[in-house]
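None of the figures in this text is laboratory data; all of them are computed from the coordinates on show. As the structure is a prediction and not an experimental result, all values here were calculated from the model. All Cβ positions, even for glycine, are placed from backbone atoms using ideal geometry, and neighbour counts span all protein chains on display.
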Amino acid sequence: MSAGVPAELLAERRAAFQERIGEGIAIVPGARLQTRSNDVDYPFRQNSDLLYLCAWPQPEAIAVFSKDRFILFVQPRDPGAETWTGRRPGVEGACERYGADEAHPTAEFQERLPGLLGDVPRLFYSLGAEPRLDPIVREALREVRRHTRGGVRAPNEIVDPYGILHEMRLYKDPAELALMRRAAEISYEGHHEAARLCRSGNTEYEIEAVLDWVFRKRGSTGPAYPSIVGSGDNATILHYTENGDTLREGQLVLIDAGCEYEAYASDITRTYPVDGRFEGIARDVYEIVLRAQADAIEKAGPGVALTEIHDVATRTLVRGLIELGVLEGDAQELMEQENHTRFYMHRTSHWLGMDVHDVGEYHVEGKPRALEPGMVFTIEPGLYFGAEESKCAEKLRGIGVRIEDDLVVTEAGCDVISKNIPKRIDEVEAWMRS
Ligand code: GLY
Ligand code: MN
Ligand code: MN
């Protein structure tokens with residue numbers, strides 16, 4: 001995972017973080033292995049905060065920062081264990097290859113922590129975020145307090161470090177944006193192969209498999225989140241991931257799939273007609289969502305809040321619901337009464353970065369946050385009419401449409417980095433045949 005961001009940039013990030021913690025000490029734990037069953041684990045994905053600061057790829061690590069020291073606690077070299085689970089950089093590698101000033105086995109964290117906390121005014125630690133560490137940190141604080149009569153001062157403030165770190169992660173630098181563009185390009189290829197397979201008789205799971213195949217073949221680590229391949233009514237289930245059905249004539253297939261490249265996510269949805277032609281009411285629904293997305297994209301740019309983008313998309317969707325005869329009345333009033341949430345039940349946007357639903361506050365000082373250059377987010381309006389929906393015409397039931405793109409905020413506006421994946425009806429139909 002370290003191939004993505006140059007070591008100098010990682011060092012710059014650490015320096016910026018260290019400057020912001022001042023005289024404090026920060027503890028940033030990495031991810032642990034999660035057991036699937038017995039001695040078999042789920043595939044490991046490092047915690048994004050640790051990746052962001054040092055790209056350390058392995059489980060059970062804990063990073064500790066002071067103003068001028070970066071200490072990594074890691075799994076040490078162990079020839080026996082490495083035969084089973086792979087080579088480890090170990091304590092030596094942490095210093096030589098990952099920029100640590102000092103490194104120790106993770107097993108020593110507990111005994112070393114009290115020594116790191118003496119005479120430190122502020123501890124940056126996120127209580128509850130990694131519950132296994134909470135008792136260790138509490139005990140270390142108690143231990144330091146026991147020595148206060150000897151003149152040692154214990155931290156008198158505990159502050160969540162993610163306030164600083166996640167604010168940093170929200171603004172992407174050019175190296176990160178290049179990785180995110182590459183993720184979007186690979187996802188383009190995956191969507192193209194998937195679109196070609198949207199034919200009656202094919203299955204959702206073979207389409208998912210093709211997405212996986214293209215993502216991996218092109219050098220990504222795989223999907224950034226479980227791919228959604230939902231045909232017919234399955235498209236109306238927002239986080240449908242069973243992907244177990246067969247595609248049928250006359251259906252739409254919603255494919256929400258994006259790869260992760262060098263730890264950066266893409267998150268892209270297109271809705272394709274089975275057998276390659278949008279027809280009847282499904283075509284009308286698609287056109288409405290497409291219009292809502294175009295209106296939202298037009299609105300997006302620096303200074304605009306995600307809530308404003310959501311309002312623009314929602315207004316167009318509500319007008320569409322009136323055209324379809326699903327809602328009746330004045331669009332503004334209907335919006336205020338939230339009558340549309342039965343058919344559009346999610347927000348239009350979220351931050352995107354190392355995590356698909358990336359970190360960063362959505363409100364600042366109680367107000368929706370305005371977009372600024374370097375932020376990356378999605379625009380993903382949709383309409384969903386479940387098979388059991390009673391408040392719409394029967395012909396709408398079993399239709400779900402979402403169209404989702406990834407946008408980078410620039411000085412002048414927004415760059416839609418997933419725009420090469422067609423979405424206009426004629427372009428989608430031609431692409432599915434090509
Ligand atoms: N794939 C999850 C989302 O679109 O937010
Ligand atoms: Mn999304
Ligand atoms: Mn998505």
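With a point put 7 Å past each Cα toward its Cβ, work out how far ALA387 is from ALA16 in nm, to one decimal.
4.9
Please report, in debye to the nearest 20, how large the charge dipole of the chain is about its Cα centre when each Lys and Arg carries +1 at its beta carbon and each Asp and Glu carries -1 there. Provide the component values of the computation, followed by the final result.
Values: 50 positive and 73 negative charges, 167 e Å.
Around 800 debye, computed over the chain.
If R₀ is 60 angstrom, what is the calculated FRET efficiency for the pair ARG248 and GLU365, using the beta carbon separation as r and rounding to 0.05? Please report the intermediate quantities before stating the final value.
Details: r = 51 Å, r/R0 = 0.85.
E between ARG248 and GLU365, to the nearest 0.05, is 0.75.
Just name one of THR148, CYS54, VAL91: the one whose Cα is farthest towards the positive end of the charge dipole of the chain (beta-carbon charges, Lys/Arg +1, Asp/Glu -1).
THR148
Would you please classify the overall shape of the range 345-413 from the alpha carbon gyration tensor, given that a ≥ b ≥ c denote the square roots of the eigenvalues, rounded means a/c under 1.5, and beyond that prolate means a/b larger than b/c while oblate covers the rest? Spell out each step's value before the answer.
On the way: a/c = 2.98, a/b = 2.36, b/c = 1.27.
Prolate is the answer for the range 345-413, as a/c is 1.5 or above and a/b outweighs b/c.
Once you have the Cα-Cα distance between ALA175 and ARG283, take 0.36 nm times their residue separation minus that, and quote the gain in nm to one decimal. List each step's numbers first, then the result.
Details: separation 108, 0.36 × 108 = 38.88 nm, distance 3.95 nm.
Residue separation times 0.36 nm, minus the Cα-Cα distance, leaves 34.9 nm.
Among SER66, SER390, SER266, SER220, what is the fewest-to-most ranking by other Cβ atoms within 10 Å? Don't jump to the answer; show the numbers that get you there.
Numbers: SER66 17, SER390 7, SER266 34, SER220 24.
Fewest-to-most Cβ neighbours within 10 Å comes out as SER390, SER66, SER220, SER266.
Let me make sure I get this right: for the range 162-267, a, b and c are the square roots of the gyration tensor eigenvalues over alpha carbons, sorted descending. Under 1.5 in a/c it's rounded, otherwise prolate if a/b > b/c, else oblate. Which is it?
Cα axes put the range 162-267 in the prolate bin.
Going through the range 349-415, which GluC sites (Glu not before Pro) have at most 13 other Cβ atoms within 10 Å and a DSSP loop state? Don't jump to the answer; show the numbers that get you there.
Values: sites: GLU361, GLU365, GLU388, GLU389, GLU394, GLU404, GLU411; in loops: GLU361, GLU365, GLU388, GLU389, GLU411.
Here the GluC sites (Glu not before Pro) that fit, given the DSSP loop and packing criteria, are GLU361, GLU365, GLU388, GLU411.
Run the quick spin-label model on ARG138 and GLU167: label points 7 Å from Cα toward the beta carbon, then report their separation in nm to one decimal.
Output for this residue pair reads 2.9 nm.
Strictly over 26 Å apart at the Cα level, which of LYS391/LYS419; LYS217/LYS299; LYS299/LYS391; LYS367/LYS419; LYS367/LYS391; LYS217/LYS419 would you flag in this model?
Violating the 26 Å limit, Cα to Cα: LYS391/LYS419; LYS217/LYS299; LYS299/LYS391; LYS367/LYS419; LYS367/LYS391.
By how many nm would the segment from ASP426 to ARG397 lengthen if fully extended, with 0.36 nm per residue of separation less the alpha-carbon distance? Mind showing how you got there, number by number?
Working: separation 29, 0.36 × 29 = 10.44 nm, distance 2.42 nm.
Answer, rounded to one decimal: 8.0 nm.
Using the beta-carbon distance between GLU333 and ARG146 and R0 = 45 Å, what value does 1/(1 + (r/R0)^6) give for FRET efficiency, to the nearest 0.05?
Calculated transfer efficiency: 0.10.
Looking at the square roots a ≥ b ≥ c of the eigenvalues of the Cα gyration tensor of the chain, which shape do they give, rounded for a/c under 1.5, prolate if a/b is larger than b/c, or oblate? Write out the running numbers ahead of the final one.
Working: a/c = 2.38, a/b = 1.80, b/c = 1.32.
Since a/c reaches 1.5 and a/b is larger than b/c, the shape of the chain is classed as prolate.
Can you give the relative contact order of the range 36-150 as a percent, counting alpha carbon pairs under 8 Å and 6+ residues apart?
On the way: 114 pairs, mean separation 20.9, N = 115.
Computed value for the range 36-150: 18 percent relative contact order.
In nm, what is the difference between 0.36 nm times the number of residues separating ASN156 and ARG199 and their Cα-Cα distance? Intermediate values should be presented prior to the final figure.
Details: separation 43, 0.36 × 43 = 15.48 nm, distance 6.36 nm.
Separation in residues times 0.36 nm, less the Cα-Cα distance, equals 9.1 nm.
Just going by the charge dipole of the chain, with Lys and Arg at +1 and Asp and Glu at -1 on Cβ, which of ILE417, PRO131, THR269 is farthest out on the positive end?
Highest projection toward the positive end goes to PRO131.
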